[in-house]
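Here's the structure we're looking at; comments come further down.
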Amino acid sequence: MGDFSDEEKAAMKKAAGIAACEFVKNGMKVGLGTGSTVKYTILELGRRIREEGLKIQGIPTSEQTEIISIEQGIELVNWADCSGLDIVIDGADEFDSELHLIKGGGGALLREKIVAESSGSMVVVADATKKVQTLGDFPLPVEVNPYGWEQTMRRLQNLCPGEVLVRKNADGSTFLTDNGNPILDACFGSTIDKPREMEAVIRSIAGVVEVGLFVDIADVIVLAAQNGCEIIRKENSRI
Ligand code: 5RP
């Protein structure tokens with residue numbers, strides 16, 4: 001996959017984030033993902049609103065994205081007034097050749113999945129470091145209910161060949177999602193070759209709120225490499 005400097009990675013994220021805006025048209029309802037790549041998408045949408053009069057409505061996938069979206073002048077709606085979205089643009093921690101994803105590195109997996117499943121199509125913005133042959137090198141985020149999380153963790157550990165870690169903040173306290181739940185990061189290694197089955201098995205553990213496997217949801221990857229952006233479409237892509 002090659003080694004990239006921080007500057008090169010930032011340039012690739014920016015290129016992918018901006019290129020994905022091509023899929024956003026006037027009047028669309030847009031799911032706004034979370035992370036350092038899709039942040040560039042939100043900034044570019046803000047620019048188009050200000051400079052080109054683009055009219056869109058959005059639903060953010062995290063409190064962090066909500067703040068940036070408001071700063072950019074994106075009109076936000078909520079689920080009480082919106083029964084579906086045209087498109088979601090979001091990042092990923094890993095994707096494979098079938099466009100199955102691992103997400104949740106930023107802790108927003110539950111809201112990201114609700115938004116993605118409610119969208120007519122999903123565009124993923126990623127740099128070349130996210131492309132893998134088999135999912136799982138990136139620790140799989142699993143959001144769990146706070147009640148009895150230790151037992152949920154033991155049951156998850158029984159499925160996982162590597163360690164399962166409770167996600168921590170920089171100060172050592174337990175990381176909690178915007179929904180008030182802890183995240184367990186399960187170190188499967190590159191072994192998740194049947195992501196749909198794995199998602200179902202993990203979901204069947206009581207206490208699991210959501211799993212960071214996004215199977216058959218992404219339509220397009222906007223992949224930035226050092227020499228430009230590549231659009232990778234799933235065979236039966238909706239866009
Ligand atoms: C947040 C996510 C992010 O989309 C994922 O972690 C990618 O983030 P980045 O673009 O910063 O690498 O799933 O929950």
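The values are calculated or read from the model by the stated rules, or taken from the named source; none is laboratory data. In this text the structure is predicted, and so the values were computed from the model without any measurement. So basically every Cβ, Gly included, is an ideal-geometry build from the backbone, and we count neighbours across all protein chains shown. Just so you know, the surface numbers come from the protein's heavy atoms only, side chains and all, with ligands and any DNA or RNA stripped out. Shrake-Rupley method; radii C 1.70, N 1.55, O 1.52, S 1.80 Å.
One line per residue, one yes/no per condition, for (1) assigned by TED's automatic domain parsing to the domain that holds GLU98; (2) open to solvent by 30 Å² or more (accessible area, probe 1.4 Å); (3) not acidic (Asp, Glu):
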site: GLN157; (1), (2), (3): no, yes, yes
site: GLY172; (1), (2), (3): no, yes, yes
site: PRO182; (1), (2), (3): no, no, yes
site: ARG196; (1), (2), (3): no, yes, yes
site: VAL220; (1), (2), (3): yes, no, yes
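Of all residues in the stretch 20-41, which are more than 20 Å from GLY107 (Cβ to Cβ) and assigned to a strand (DSSP E or B)?
LYS29, VAL30
Consider ARG155 against the criteria (1) under 10 Å from the mean Cα position of the chain (by Cα); (2) of a type in the set (Lys, Arg); (3) more than 9 Å from the ligand (Cβ to nearest atom): it satisfies all of them except one. Which criterion is unmet?
The single condition ARG155 does not satisfy is (1).
Can you name the residue in the stretch 1-26 that is within 12 Å of the ligand (Cβ to nearest atom) and either of a type in the set (Lys, Arg) or in contact with a His (Cβ under 8 Å, 6 or more places away or on another chain) (or both) and, of all such residues, is modelled with the lowest pLDDT?
LYS9
Pick out the one residue from GLY104, GLY136 that is touching a Pro at 6+ places or on another chain (Cβ under 6 Å), open to solvent by less than 10 Å² (accessible area, probe 1.4 Å) and at positive phi.
GLY104
Please report, ordered by residue number, the helices (runs of 4 or more DSSP H) entirely within the stretch 42-159 with at least 1 residues that are more than 14 Å from LEU32 (Cα to Cα) and modelled with pLDDT of 95 or more.
149-159
Can you tell me how many residues within the stretch 85-111 are of a type in the set (Asp, Glu), farther than 10 Å from VAL132 by Cα and more than 9 Å from the ligand (Cβ to nearest atom)?
Residues flagged as of a type in the set (Asp, Glu), farther than 10 Å from VAL132 by Cα and more than 9 Å from the ligand (Cβ to nearest atom) within the stretch 85-111 amount to 2.
Residue by residue, here is whether (1) in contact with a helix residue (DSSP H, G or I) (Cβ under 7 Å, 6 or more places away or on another chain); (2) farther than 30 Å from SER83 by Cα; (3) among the acidic types (Asp, Glu) holds:
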site: VAL124; (1), (2), (3): no, no, no
site: LYS130; (1), (2), (3): no, yes, no
site: PRO161; (1), (2), (3): no, yes, no
site: LEU165; (1), (2), (3): no, yes, no
site: THR177; (1), (2), (3): yes, no, no
site: ASN181; (1), (2), (3): no, no, no
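With respect to LYS29, is the statement that it is at pLDDT 95 or above, basic (Lys, Arg), surrounded by 19 or more Cβ atoms within 10 Å (Cβ to Cβ) and closer than 24 Å to GLU230 by Cα true?
In short, no.
Give just the number: which of (1) closer than 15 Å to ALA218 by Cα; (2) open to solvent by 10 Å² or more (accessible area, probe 1.4 Å) does LYS39 not satisfy?
Of (1) closer than 15 Å to ALA218 by Cα; (2) open to solvent by 10 Å² or more (accessible area, probe 1.4 Å), only one is false for LYS39: (1).
When LEU43 is evaluated against the numbered criteria (1) within 16 Å of the ligand (Cβ to nearest atom); (2) touching a strand residue (DSSP E or B) at 6+ places or on another chain (Cβ under 6 Å), which criterion, by number, is the only one it fails?
Among (1) within 16 Å of the ligand (Cβ to nearest atom); (2) touching a strand residue (DSSP E or B) at 6+ places or on another chain (Cβ under 6 Å), LEU43 violates only (2).
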